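Quick note: the coordinates plus some simple rules give every number you see, no bench work behind them. What you see is a predicted model, and the numbers here were worked out from it, not measured in a lab. Glycine also receives a Cβ, built like all others from the backbone with ideal geometry; neighbour counts cover every protein chain displayed.
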Amino acid sequence: MMIQQILDTVTSFDGVLVLAPDASSGAPEIAWGDYFFYYAPDGRVPANVQPYGTIVTKNYPGDTESDLEAEDRWRVNIHVGRTALERLTGQGVTDPAEPDVVLPHPVYGRQGWIAVVNPGERTSAQVLDLLRDAHERAKDRVVRKLG
């Protein structure tokens, strides 16, 4: 799976906002080249809301265990919730650099985030389904807030 395949799927979701920071965005340089997914039908980044999914293309300070500095490595991260995290990550694999495996996020796993380095044959369909589900949950939260 390529990053563009994920972007093509996510951008088809109703009300999605995909942030792709670059030098002109005012975002910190560390975020340039990465992607952040929000439910934001008005096209504005929601206040006090984390993205429901991200694609990162490099290591971040304190988040180096996935070895994203190696060429052609990237990671998709999805907020699935703690219950789903337990169900999805009981595979016995514990190496956060292992590609094409659903693992707890190396930093945010306790908050219900999963991570997949270079989704491939084993995880591509699952990653897209999980992103769709995360988008729908984010949408439901906004709808509930609006009452």
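How far, in nm, would the chain grow between Asp8 and Glu98 when pulled straight, counting 0.36 nm per residue and subtracting the alpha carbon separation?
29.9 nm
I'd like the per residue volume of the convex hull spanned by the Cα atoms of the chain, given in cubic angstrom.
So the per-residue Cα hull volume is 117 Å³.
Positive end of the charge dipole of the chain (Lys, Arg +1 and Asp, Glu -1 on Cβ, about the Cα centre): tell me which of Ile30, Gln126, Leu146 has its Cα farthest that way.
Ranked along the dipole, the leading option is Leu146.
Once fully extended, how much extra length lies between Asp42 and Leu146, figured as 0.36 nm per residue of separation less the alpha-carbon to alpha-carbon distance?
Result: 36.1 nm gained on full extension.
What does the extension gain come out to for Glu136 and Gln111, with contour length at 0.36 nm per residue minus their alpha carbon separation?
7.2 nm
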